[in-house]
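S.K.: Encoded as structure tokens, here's the structure I'll be asking about.
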């Protein structure tokens, strides 16, 4: 892959130029990448449980969570 960097007047990199062929390869890989299939079953189960709790209205307001855990941030 031939990569060219774009820079501002200070010489800081602000962008990247790649060929359309390389861009299409990257897009194709990203389109078919599904991280869900790579997750362990216990993580999938936790996500499913959380979605069900949310649908049932079993959530905690953001403000309450932030108040409780702000000491750790």
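The values are calculated or read from the model by the stated rules, or taken from the named source; none is laboratory data. The shown structure was predicted, so the numbers you read here are calculated from the model rather than taken from an experiment. Ideal geometry is used to build each Cβ from the backbone, glycine not excepted, and the neighbour counts take in all protein chains shown.
S.K.: Hey, can you tell me all the residues within the range 22-46 that are surrounded by 10 or more Cβ atoms within 10 Å (Cβ to Cβ) and modelled with pLDDT of 95 or more?
M.R.: Within the range 22-46, 43, 44, 45, 46 meet the criteria.
Okay, residues lined up against (1) in contact with a strand residue (DSSP E or B) (Cβ under 8 Å, 6 or more places away or on another chain); (2) part of a helix (DSSP H, G or I):
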site	(1), (2)
14	yes, no
25	no, yes
37	no, yes
43	no, yes
46	no, yes
59	no, no
